[in-house]
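Peer 1: The following block contains the structure, expressed as structure tokens.
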Amino acid sequence: MECPLCGHEKAHKHGKTSKGGQRYLCPNCDKTFTDTFDTIHYKRHIDSDEIRTILQSHTEGSSLRGISRITQRAYGTVVSLVKADERQKAQIVHNAKVQKVETDEVSADEMWSFVEKNKKTVEQKK
């Protein structure tokens, strides 16, 4: 399995979590992670069916407080799931569309003004 933290290709099994999920160890960065790392399920004590119900209810237009009452979950938990889902979808769109854009020229006006400002500051210190 590939390490999601450093990209090393040979992370290996490293025991189980308290809930029975597989844990992995990366020999390169010496970090452990699970297969749900960087997903909406990571470090959540809610099963996938309940997460699916919450997100589907939100998609269908139910209020967050209504979803909280129906699922008997805290309002903050419901909000956290909805925000995580939106971030994940935005990242998928970004990876699919923005990273594949080919350019011949890059405009870096803001970066250049920052460099010029710091260049003048360095020159004044001399």
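Just so it is clear, none of the values below were taken in a lab; they were calculated from the coordinates. What you see is a predicted model; the values in this text were computed from it and never measured.
Peer 1: Quick one: which residues, 5 or more positions from HIS14 or on another chain, have an amide H under 5 Å from its amide H? H modelled 1.01 Å from N in the peptide plane, none for Pro or chain starts.
Peer 2: Counting only residues 5 or more places away or on other chains, the set is ARG23, TYR24, LEU25.
Peer 1: Longer than 30 Å from Cα to Cα, which of LYS10/LYS83; LYS19/LYS97; LYS10/LYS89; LYS13/LYS97 are they? Say none if no pair is.
Peer 2: LYS10/LYS83; LYS19/LYS97; LYS13/LYS97
Peer 1: Can you work out ³J(HN,Hα) from phi for every residue in the stretch 9-16, in order, using Karplus 6.51 cos²θ - 1.76 cosθ + 1.60 and θ = phi - 60°, giving whole Hz and x for Gly and Pro?
Peer 2: Once θ is set to phi - 60°, the couplings for the stretch 9-16 become 7, 10, 6, 10, 4, 9, x, 10 Hz.
Peer 1: Using 0.36 nm per residue, how much length does the chain from GLU105 to LEU64 gain when fully extended, once their Cα-Cα distance is taken away?
Peer 2: Gain in length upon complete extension: 10.3 nm.
Peer 1: Multiplying the sequence separation of THR17 and VAL93 by 0.36 nm and subtracting their Cα-Cα distance, what value in nm do you get?
Peer 2: Taking THR17 through VAL93 to full extension adds about 24.2 nm, to one decimal.
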